[in-house]
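Readers should treat all values here as calculations from the given coordinates under stated rules, not as data from a laboratory. Quantities reported herein were computed from a predicted structural model and do not represent experimental measurements. Here Cβ is always computed from backbone atoms with ideal geometry, including for glycine, and neighbour counts include all displayed protein chains.
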């Protein structure tokens, strides 16, 4: 019985870990998108200033 409980705890931990990893991936994706938008905006303003 205690073994079974321990096993369930391990599975739960693994699920939590994968969930956290997914969350981190999503956050990184958002950050990248944000950076790309920022960079493209900066490039556009530079082009406008240079012309």
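Worth pointing out:
- Seen against the Cα atoms of the chain and their longest principal axis, helix 2-50 is set at about 0 degrees.
- Two-site label geometry, residue 9 and residue 23: point separation in nm, points 7 Å out along Cα→Cβ: 2.1
- The C-alpha atoms of the chain occupy a region whose extents along the principal axes are 75, 6, 5 Å, arranged from largest to smallest.
- With the helix formula -39500 (n - 2.57) applied to DSSP H stretches of n ≥ 4, the chain reaches a computed 222 nm mean residue ellipticity of -36000 deg cm²/dmol.
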